[in-house]
Amino acid sequence: GGGGGGGRRNDLIIADGFPALSTFKPPTGKSTGDEDFSATKDDPIPRYPFASFPRSLQVKHAARCDFLGDCERAFTARAKETGEAYSAGATFFVPAKMTPRCALEGLALDIFKAHTKGLKEGVHYDPDRSGAEWWSLVLEVSDKESADKEGAVAASPKKSVSPPPVAAAAAAAAAVAVATSTTAGGKSAAAKKGKGNDESDDEDDDDEDDEVGMHFDADYGLEAQLPNYMLHPRVATITYLTDIGVPTLILDKLSPPPSDVSKSSLAGDISTGWLSHPDFGKHIAFDGRMLHGAPGTFFPAVEEEREENSPIKKMKLNDGTPALGQPAPGRRVTVLVNIWLNHCPIDADLLDAEDAYAMKVPFKESDWRNEMGLLGTRPIEFKILDVNAPDKVPCVDFTLPTDKGEEAAGTDECVLCNHEVDMVFGASMSMAHTTSAIASSTPGRSAQIKFQPGSLSLVVGKEVEDSDDDDDNSK
């Protein structure tokens, strides 16, 4: 990564894709010019490449509908315009020392505190330049997926070369999910090819409504000023507020270093990944430099079957609304929080005061109404008992076809680092769908994937021109 001399408090020093820790104030108080600013294995975070913490989020029944409504209010990302390398949108930022104004900001800071536990302010990071970047995603899932209780999606693999086109609204949502101001970088093949405007494709598009293109989380505002420099959050996190929708795929593939102008280091076989299905209250965290998304054509949603005596299945509110775990029929709802230390993403802004105070679920306990006997309690509770002891996830082997008549699953196209990139599946669609079903069947609905050489690889293509240069007034 980059680096440079400097003991000035506001210097930005990039080390292995991260804002470096403990560099704003050298131990001696003076810079000798000989300091090593490289990130090392001794850095306290990221603690692991991937971690899962089931049932980390608790939402009081009386606050459930309001909180989901707040997530939808915060979902402000805009649809990608054809021809742009990245989608446009908005993320928000909560400084580490700020007092939250609503439950969503409180959740973002709770997650920040959980993942920075053990770090010392002023030693590992400057709290004035650190905090939580956050946003929400509310994506429609297919009618079949939300209504089908048999998990039939996993039993009927598709034989397609690339994901089918998505409907206009779905293409907007998928592109948005991929690309907010600091999380842009990939999109579904259908969105990239501009097929999302054909309303006649609606019937075939349902299965891809909540797909999220493969992408890196990064400060793309900084990259616009410093080409080829991708600065990442220390930790990226996803907290699920529904049980339905396509799973998240995280790949052990880091973004290219600044010296790799052609992005050739992206190419090659993938060896390890993780698959996480939505599960209400589950929180996952991973190295903020890793490639991720939700390619539902290859790893589809699988409806979770709860046991008849499950307390979650039995729970009903007084007004007859469904219990937690199924709070938004037909929607995949997530809250995403990135942990930034010693840097605030350029394009991530504080939530407007008007929007913050319009949220239905406040942060302060004293502001919460007592209609359901909740006085003195927080409507939203986030807790990780031990951030160093995540849930154990099983391992699944992802292999090449053994039957000569079985076809490879095909290719998912995306844009990464301003280059066209193909995610090529050498494994069959049946293998991909079976892997998704196995991951869904585990207690935490997550699994590690070991990819056999050739079963999944990336191929880097030509550079994509950014149309923003031609029309700066279009924003």
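The values are calculated or read from the model by the stated rules, or taken from the named source; none is laboratory data. No experiment lies behind these values; they were computed from the predicted model shown. So basically every Cβ, Gly included, is an ideal-geometry build from the backbone, and we count neighbours across all protein chains shown. When the accessible area is computed, the model is the full protein with side chains, heavy atoms only, and any ligands, DNA or RNA have been set aside. Shrake-Rupley method; radii C 1.70, N 1.55, O 1.52, S 1.80 Å.
Some points to look at:
- For segment 248-261, backbone phi angles converted through the Karplus equation (6.51, -1.76, 1.60; θ = phi - 60°) give residue-by-residue couplings of 8, 10, 10, 10, 6, 9, 8, 5, x, x, x, 6, 8, 5 Hz, Gly and Pro being listed as x.
- For ARG289, solvent-accessible area (1.4 Å; no DNA, RNA or ligand), Å²: 40 Å²
- Solvent exposure, largest accessible area first (probe 1.4 Å, DNA, RNA and ligands not counted), of THR99, THR434: THR99, THR434
- Each peptide in 451-460, 400-409, 237-246 was scored by the mean count of other Cβ atoms within 10 Å over its residues; highest first, the order is 237-246, 451-460, 400-409.
- In order through segment 229-245: 3J(HN,Hα) via Karplus (6.51 cos²θ - 1.76 cosθ + 1.60), integer Hz, x for Gly, Pro: 9, 9, 9, 10, x, 4, 9, 9, 9, 9, 10, 8, 10, 9, 9, 10, x
- Karplus-derived 3J(HN,Hα) values for segment 110-115, using 6.51 cos²θ - 1.76 cosθ + 1.60 with θ = phi - 60°, are 4, 5, 4, 5, 4, 8 Hz; glycine and proline are entered as x.
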